[in-house]
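J.: Here's a structure for you.
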Amino acid sequence: MLLKSIRFKIVLWHMLILSLALFTFGMVLYHNLSLKISDDTDDVLRSRAKGIEQSIETYWEAERMDIAAGNDKVRLIKEDNINFIRIARRWVGEKINDPDLINTIVRIYDAHGSPIASSKNVPTEHLNSRIFYDVKKGADHFENAYLEVNEIPALFRIFTTPVMESRRLSYVVQVASPLAQLRLVLRNLSFSLLFLLPLTVILTGLSGIFLVQLTLRPVDQMIETIHQITAENLKLRLKIPGTRDEIESLATTFNEMIARLDEAFTTQRQFMEDISHELKTPLSVLKGELEVTLNKIRSAQEYESTLHSSLEEVNHLAGIVENLLTLARFDAKTTTLQTQSLDLDLLIKEAVEAIQVLAVQKNITLQMNSAHNVDIQADKNQLKRLVLNLLDNAIKYTPSGGKVSIDLRQQKNTADIDISDTGIGIPEAELPHIFDRFYRVDKSRSSIGFGLGLSIAQSIAMAHGGKIYARANHPQGTIFTISLPIKSKLSS
C-alpha cells in the first residue's frame, strides 16, 4: 500500500529527478574541471618551454658575440654546433633548480632528435620518431606518457616544441610536468561527488517525506471526513484548509458536489413522497369503493356505478404512470420528435377548441389574439400537448367569471406564446420551483399543486430548443410564456 501511495510516488520521482540532475551536474563538473586542469597545465608547459627557449637564446647570443669577436670564421648557427651543445648543457646545469622549474623535467634535443642536455635522474634517450616527425615540420606536440624518475615510473604531461632557424630545425625543447597531483585532485573530486551526491539525495528524500506529509495532511483530514459522509449524513462538509492551492480547490469542489448530491437526494425523497401521495389518493378511493361494494349484495346498477368510479381512478393512476414514463423518456433523451412545418396560429386554435368545453363549464372567457403566418419546425402532437397543459392549468386555477387569454407574438428569432389568466396567482418566491415535479405552492394546505403537467410542458419546450417561464399577471393571475425558436434546434 505504501509503494502505491501518492506520498511514495512524489518522493520517489523527486529523488530520481534530483539524482539525475546531480549526476549530470557531477559529470559536467568533472569533465569541465578535467579540461580546465589539462588546459592550464598545457599553458604552463608552453610558457615554460618558451621561457627556456628565450633563456637559452640569451646565453647563445652572449656566447656568439664572444666567439665572433675572436674568430670571424667560426660557425654561428646552432645546428650541429658544439658551442651550442655546451651552452645548452651549461644552461640546464645552472637553471634546472630555478623555482620556476620545480617539478618540471627539461630535455634538449639536437636537430636529429639526439639528446644534448637533460634534467638529472631522468634517462636520456632519442626523441620518439612519431614526435620527431611532428616537430621537424614545425608543429608542437602534447602527450601523456610515463617517465622514470629515480627509476620510478610516473605519468607526465609532456610538451615538445621545435626551435626553427632560417626555416630549418635548430633544436628541440621538451618540458614535462607530473600528473600525479592533478590526478589526485580529480580523484578527490570523484570521491566527493560519489559520497556527497547520494547523501544529498537521501537527505532530500527524507526532507521530502516530511514536506509531503505536511502538504498532504489536509488530504488525510478530508479522507477522514469523507468516510463519515453517508446518504443519511449529507449535511457534513469538508473543512476548507485555507491554503489557497489545489487542495483548497479540491475541498471546495467536493463540498459543492456533496451539496448537489444532498439536493438530489432531498429532491428524490420529496419526489417519492409526492408520488406516493398522488398514488395513495386514487388507490384509497378505489379500495374504499370496492370494500363498501363487497359488504353486501348490491344491485346491478350499483355494481355498474362502482365499476365506473373504479375505472376513473384506474385511468387516473394510468395517467400518472404515463406522465412519469414520458418524463423519463425526455430525461433519457429517447423521445423522438416527429418534426414538421407547423402553422403555430392554427395549432393554437385547435388547442383552444379542444379546451373550450372546460372553459364553458366554469363560465371562463377564453380569448385568443394571434399573429398570422408564424411557421416553425416542431412535433405537432407534443407541442399541442404543451399548450393544452398550460390552458388546463389556467382554467383550473381561474375562478368562475374569470378570463384566460392566449397571445401569439413573432419576435426576431422566436415565436412567443403568452397564456395569461386572472386566477389566484402564484407568489413570486415560488415561481422558480413550479416546474418541479409534484411541486405544491402551499404545502401546508396543498392548495395549488401542479403534479407533472408543468414538468412535462418544460421538457417539451426544451426538446424543441425553446424555454418556458412564468411571471405575475398584475393585478391578478399568472402569465406563462412559451418561447420557441423559429429556426428550431431540436433534440431527439
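The values are calculated or read from the model by the stated rules, or taken from the named source; none is laboratory data. Small disclaimer: the values here were computed from a predicted structure and weren't measured. Cβ atoms come from the backbone with ideal geometry, glycine included; neighbour counts cover every protein chain shown. Note: areas computed on protein heavy atoms with side chains; ligands, DNA, RNA excluded. Shrake-Rupley method; radii C 1.70, N 1.55, O 1.52, S 1.80 Å.
J.: Pull up all non-local amide H partners of I376: gap of 5 or more, or a different chain, and H-to-H distance under 5 Å with H placed in the peptide plane.
T.: L342, L344
J.: Angle, helix 453-463 long axis vs. longest principal axis of the chain, Cα atoms, 0 to 90°, nearest 10?
T.: So the inclination is approximately 40 degrees.
J.: Next question. Pull up the cross-link candidates among the aspartates and glutamates for K239, meaning alpha carbon to alpha carbon under 16 Å and not fewer than 8 places away within one chain.
T.: Answer for K239, where 16 Å is the Cα cut-off: D220, E224, E248, E256, listed by chain and number.
J.: Provide the per-residue ³J(HN,Hα) series for region 113-118, in order, calculated from phi with Karplus coefficients 6.51, -1.76, 1.60 and θ = phi - 60°, each as a whole number of Hz, with x at glycine and proline positions.
T.: Each residue's phi maps through the Karplus curve to give x, 8, x, 10, 7, 7 Hz.
J.: Treating the angle as unsigned and between 0 and 90°, give the value, to the nearest 10°, between the Cα long axis of helix 180-228 and the longest Cα principal axis of the chain.
T.: Orientation of helix 180-228: about 10 degrees from the principal axis.
J.: For the chain, just the Cα set please: Rg and Dmax, both in angstrom.
T.: Values for the chain (Cα only, Rg and Dmax): 53.5, 172 Å.
J.: In debye to the nearest 20, how big a dipole does region 216-286 give about its Cα centre with +1 on each Lys and Arg Cβ and -1 on each Asp and Glu Cβ?
T.: Computed about the Cα centre, the dipole is about 120 debye.
J.: Ignoring any ligand, DNA or RNA, what whole percent of the accessible area of the chain comes from carbon and sulfur when the probe is 1.4 angstrom?
T.: 57 percent
J.: For S370, enumerate residues with amide H under 5 Å from its amide H, sequence gap 5+ or separate chain, H modeled in the peptide plane.
T.: L408
J.: Placing unit charges on C-beta atoms (Lys and Arg positive, Asp and Glu negative, everything else neutral), compute the dipole magnitude of the chain about its Cα centre in debye, rounded to 20.
T.: Roughly 760 debye for the chain.
J.: Restricting to Cα pairs below 8 Å that are 6+ residues apart, what does the relative contact order work out to for the chain? Please round to a whole percent.
T.: 9 percent
J.: Output ³J(HN,Hα) for region 430-437: one whole-Hz value per residue in order, computed from phi by the Karplus curve 6.51 cos²θ - 1.76 cosθ + 1.60 with θ = phi - 60°, and x for Gly and Pro.
T.: Residue by residue, region 430-437 yields 8, 4, x, 9, 5, 8, 6, 5 Hz.
J.: On C-alpha positions alone, give me the angle between the axis of helix 380-396 and the longest principal axis of the chain, in degrees, nearest 10.
T.: So the inclination is approximately 60 degrees.
J.: Next question, about the same structure. Skipping prolines and chain starts, which residues have an amide H placed within reach, meaning under 5 Å, of the one on E165, given they are 5 or more residues away or on another chain?
T.: S170
J.: Extending each Cα 7 Å along its Cβ direction at D98 and L29, get the distance between those two points in nm, one decimal.
T.: Here the modelled spin labels are 3.8 nm apart.
J.: Enter the accessible area per residue of the chain (Å², integer; probe 1.4 Å; all protein chains in place).
T.: Per-residue accessible area for the chain comes out at 60 Å².
J.: Please arrange L261, L211, L408, L366 by accessible surface area, largest first, computed with a 1.4 Å probe and ligands excluded.
T.: So the residues, ranked largest to smallest area, are L211, L261, L366, L408.
J.: With θ taken as phi - 60° and the coefficients 6.51, -1.76 and 1.60, list the Karplus ³J(HN,Hα) couplings across region 339-351 in order, rounded to whole Hz; mark glycine and proline as x.
T.: 7, 7, 6, 10, 8, 4, 4, 5, 5, 5, 4, 5, 5
J.: Which of the residue pairs K287/K396; K280/K467; K349/K467; K235/K333 have a Cα-Cα distance greater than 30 Å in the structure shown?
T.: K280/K467; K235/K333
J.: Still on this model: Regarding region 18-175, what is the average projected area of its C-alpha convex hull, in nm²?
T.: Average of the hull's projected areas for region 18-175 equals 11.7 nm².
J.: Enumerate the lysines that K78 could reach by cross-link, defined here as Cα to Cα under 26 Å, with residues fewer than 8 away along the same chain left out.
T.: Answer for K78, where 26 Å is the Cα cut-off: K50, K95, K120, K136, K137, listed by chain and number.
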